[in-house]
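Please treat every number below as a calculation from the coordinates, not as lab data. Everything numeric here is computed off the predicted structure, so don't read it as measured data. Positions of Cβ are backbone-derived with ideal geometry, glycine not excepted, and every protein chain shown enters the neighbour counts.
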Amino acid sequence: MAAEETHRAIDAVWRIESAKLIAKVARMVRDVGLAEEIAQDALVTALERWPQSGVPDNPGAWLMAVAKNSALDHLRRGKLLARKHEELGNELALAQEMALADADVVASDDYDYGDDLLRLIFTACHPVLSTEARIALTLRLLGGLTTDEIARAFLVPEPTMAQRIVRAKRTLTEARVPFEVPDASQREARLASVLEVLYLVFNEGYSATSGGDWMRPALCEEALRMGRILAELASEEPEVHGLVALMEIQASRANARTGPSGEPILLLDQNRARWDHLLIRRGMAALERAQALGGALGPYALQAAIAACHARARTGAETDWPRIAALYDALAQLAPSPVVELNRAVALSMAFGPAVGLEVADALLSEPLMKNYHLLPSVRADFLSKLGRFDEAHAEFERAASLTRNLRERELLLARAAACVRGSTPPQLP
């Protein structure tokens with residue numbers, strides 16, 4: 001195998017195996033920052049040796065053997081072994097039995113990594129970290145993305161992202177965050193933090209807040225992949241399945257959301273034959289799992305139910321807008337926010353007319369959080385244009401265009417403003 005092919009194989013193996021590798025080592029050394037360093041050292045060893053020796057039959061187990069040996073060496077050398085001797089004694093003995101004297105020999109791969117991965121997810125998304133730090137660390141430790149990839153995805157310089165990740169790991173160490181699944185008293189709040197991270201990563205991929213691309217599919221794929229893993233590890237949590245359902249159904253529209261040149265295509269203008277019906281079926285199944293666990297639907301499951309209404313409609317005209325409006329009513333009661341209220345205004349407009357939606361949207365004009373939120377003037381402009389108030393709509397579309405940081409969205413909003421000048425109703429909102 002040529003060196004270039006070997007490096008591609010190593011990259012693929014790392015993306016698949018890195019989370020398990022870091023999770024296992026973190027359980028041994030009780031420090032996710034150190035665990036990542038040890039895992040990276042194993043990767044460097046592979047980069048040095050595999051081009052000459054070839055990729056092993058079980059590359060994940062090979063990397064695990066190297067990483068575990070390094071972790072054992074660290075424990076033997078450091079004070080951690082003495083301080084944690086009683087706590088780690090049994091595990092260390094087991095690890096020593098499993099450790100291989102020669103890393104070229106493949107280790108056993110029958111170990112169940114589920115608990116360790118769950119610990120890693122809860123640690124990377126710990127509330128002691130800022131939202132930005134949780135997102136960056138999760139993509140790094142669980143997504144296997146490089147610092148450069150994360151930086152490019154969020155349009156920040158690589159050194160800035162590197163500092164963010166280093167500070168996040170340092171914060172976890174200094175705060176002595178335990179590498180564990182939280183107990184029942186903390187689990188709900190901690191799980192909410194995990195779900196928020198996945199939700200924000202997916203949304204940034206689905207509708208990029210800035211830059212020249214309408215979507216960043218790689219972020220959607222990472223959030224969805226991690227969500228599916230979490231759904232298997234925390235299978236009794238309805239909101240986990242609710243979030244997965246939401247992401248599956250939203251992701252199903254990806255191929256229809258942009259035109260040949262990357263221009264946005266709004267929901268009611270999309271060719272629904274291009275929607276991925278396998279993802280829709282997966283999303284519907286996840287929503288059914290959330291519902292089957294009983295109790296009232298949570299915020300993510302309610303949003304999934306709204307997405308399911310769109311997925312069931314064969315055409316835009318067949319959309320059950322009264323049902324969507326009712327679901328937004330429930331969401332506004334459960335998780336009130338100006339953004340939810342704005343989405344509710346859109347649903348009410350589609351169900352009962354633009355005047356009804358405009359009344360709800362106008363009530364948000366005094367909300368401080370909405371002052372620079374471009375979708376408020378965009379939504380108001382849509383309502384105003386449907387009411388024939390084109391001059392007002394034109395001004396609102398232009399204001400929305402001035403507020404957005406996404407170039408594709410700005411082009412769309414300016415085109416809608418121009419349509420108002422011509423006295424025609426612009427396309428519908430996404």
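Per-structure values
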quantity: Value of relative contact order over the stretch 114-177, rounded to a whole percent, pairs C-alpha under 8 Å and six or more apart; calculated: 32 percent
quantity: Residues Glu188, Glu409 arranged by fewest to most Cβ contacts within 10 Å; calculated: Glu188, Glu409
quantity: Packing-based exposure ordering (other Cβ within 10 Å, fewest first) of Ser366, Ser385; calculated: Ser366, Ser385
quantity: Within the chain, helix-based [θ] at 222 nm, where runs of 4 or more DSSP H residues each add -39,500 (n - 2.57), nearest 500; calculated: -22500 deg cm²/dmol
quantity: The stretch 285-333 - Rg and Dmax from Cα coordinates, angstrom; calculated: 11.2, 33
quantity: Size of charge dipole - the chain - debye, nearest 20, with Cβ of Lys, Arg +1 and Asp, Glu -1, no other charges; calculated: 820 debye
quantity: For Met247, Met64, Met370, order by how many other beta-carbon atoms lie within 10 Å, fewest first; calculated: Met370, Met64, Met247
quantity: Residue among Val66, Tyr206, Pro377 farthest towards the positive dipole end of the chain, charges placed on Cβ; calculated: Pro377
quantity: Cα centre as origin, Lys/Arg/Asp/Glu Cβ charges: the stretch 164-321 dipole, Debye; calculated: 340 debye
quantity: Relative contact order of the chain, pairs being alpha-carbon contacts under 8 Å that are 6 or more residues apart, as %; calculated: 11 percent
quantity: Ratio Rg/Rh [Cα only; Rh per Kirkwood] for the stretch 137-272; calculated: 1.01
